[in-house]
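Here the structure comes first, spelled out in structure tokens, and everything after it is commentary.
The values are calculated or read from the model by the stated rules, or taken from the named source; none is laboratory data. Only a predicted model underlies this, so the values are computations on that prediction, with no experimental measurement involved. Note that we place each Cβ from the backbone using ideal geometry, even for glycine, and neighbour counts take in every protein chain shown.
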Amino acid sequence: MIQSLRPSAEDDETTDFWALKDISFDVEPGERMALIGRNGSGKSTLLKVLSRVMAPTTGKISVRGRLSSLLEVGTGFHPELTGRENIFLSGAVLGMKQSEVKRRFDEIVDFSEIEKFLDTPVKRYSSGMYVRLAFGVAAHLEPDILILDEVMAVGDSGFQAKSQKKLDALAHEGRTVLFVSHSMAAVRGVCDTALLLESGRAGPKQAVESAVRKYLNTTIKRRTASLPIVTDDIILVDMNIRQGSRDLMEFLGEDSIEISIEIDVLTPLDDLRVGFYIKTIDGHVIARALFNDWDPEKSRFPAGHFVLEGVVPANLLVHGEYIFEVHASRFGICDYFGEAGQLSFRLAEAKEYNRRHKGEQPFGYVHLDPNWQMRRL
């Protein structure tokens, strides 16, 4: 169990800056908890205090068990020592005997995939090699508590999948994980609870999906495009998404959404792609629909004023927050609007959809109706 620092309540009569204040929480054995917040909210500072890299000005931390941490690429290893030597050095820092490190040595090397460079000083490692070895050491030297700060951001997709599998195994063994990342996909994949930090303070511990939603809703501003958007070749005059008379960005899941994009093409273009993206509020593309997707001839636009209209079908998207982004580009040449042409909207849950547990995490972003048929045999 870990209990964080809790500074005494003092009046802010000076100009002292509290990186962390009035934070108190417990983390149970086997729990995988994320620390979520904007840059400067105190996440990394809290991890450093918990890792004993920094000492709190006031307050108390109770740590029960062996703690291993990987706070950032470049810490924890001696750059002049080889990968092999740093494995044993890390084990010694954790209070392990050489025999204990030798027992896990092959697993660490196999996980890290740096066997060919095992006797090379780590200062010559790439960032990917370094973090693979550092994570391998931190995760395999039998810690009771593992602290990770943005480690997933460095590795490739294969390493990330392997790391998540290892974290799952550690949690299954009853080991505790504290995790910081700005990738909400990584947070959702690794953790089951979260602490939301803001300006050095933290709210109550909560389910990770609830914390992620609150974080995204408070940090990502409602998007309303400032029109017109003028470029050398085209002008985005207007853009609308509505349901009948509803254009308040709060839509019903059981009704279709009407799309309207109004542009001025200033000069004839033979390769103009116009349409829209639908994205999650953290920027992941869910769907793309361009005017020329099914007919290449529709890429040819003479100069003139045009209105493109379309429909997003009813009962397509799972309830939640989304971004509608007008897209206009010439393949390999230019992208005209980017994030400037974005609107955000919220979709209510479709009435027809059978959801028994209202608070559960949505399974993806798109509803699929496969027209089920059942035969009794």
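Could you please give the count of residues in the stretch 248-269 that are under 30 Å from PRO302 (Cβ atoms) and of a type outside the set (A, V, I, L, M)? First the steps, then the outcome.
Here is the first cut: in the stretch 248-269, the ones under 30 Å from PRO302 (Cβ atoms) are 257-269.
If we keep only those that are of a type outside the set (A, V, I, L, M) too, we end up with 258, 260, 262, 264, 267-268.
Within the stretch 248-269, residues that are under 30 Å from PRO302 (Cβ atoms) and of a type outside the set (A, V, I, L, M) number 6.
Looking at the structure I just gave you, is PHE306 more than 30 Å from ARG213 (Cβ to Cβ) and either free of Cβ contacts under 8 Å to residues at least 60 places away in the same chain or within 33 Å of the chain's Cα centre (by Cα) (or both)?
Numbers: more than 30 Å from ARG213 (Cβ to Cβ): yes; either free of Cβ contacts under 8 Å to residues at least 60 places away in the same chain or within 33 Å of the chain's Cα centre (by Cα) (or both): yes.
The answer is yes for PHE306.
Specify the residue that is nearest to GLY174 (Cα to Cα); the eligible residues are those in the stretch 23-47 that are at pLDDT 85 or above and charged (D, E, K, R).
Restricting to residues being at pLDDT 85 or above and charged (D, E, K, R), the top hit is GLU31.
Look through GLU339, GLU297 and report the one residue that is of a type outside the set (Lys, Arg) and under 16 Å from ILE278 (Cβ atoms).
Working: GLU297 fails: under 16 Å from ILE278 (Cβ atoms).
Residue meeting the stated conditions: GLU339.
Cβ-Cβ under 9 Å, sequence separation 6+ or interchain: first residue in the stretch 33-50 and in the same structural domain as ARG188 (by TED's automatic domain parsing), partner surrounded by fewer than 19 Cβ atoms within 10 Å (Cβ to Cβ) and among the basic types (Lys, Arg). Which pairs?
MET33/LYS205; ALA34/ARG188; ILE36/LYS214; SER41/ARG201; GLY42/ARG201
Each row is one residue, and each column tells you yes or no for (1) part of a strand (DSSP E or B); (2) surrounded by fewer than 10 Cβ atoms within 10 Å (Cβ to Cβ); (3) at pLDDT 85 or above.
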{"position": "GLY332", "(1), (2), (3)": "no, yes, no"}
{"position": "GLU339", "(1), (2), (3)": "no, no, no"}
{"position": "GLU349", "(1), (2), (3)": "no, no, no"}
{"position": "GLU352", "(1), (2), (3)": "no, no, no"}
{"position": "ARG356", "(1), (2), (3)": "no, yes, no"}
{"position": "GLY359", "(1), (2), (3)": "no, yes, no"}
{"position": "PRO362", "(1), (2), (3)": "no, no, no"}
{"position": "TRP372", "(1), (2), (3)": "no, yes, yes"}
{"position": "ARG376", "(1), (2), (3)": "no, yes, yes"}
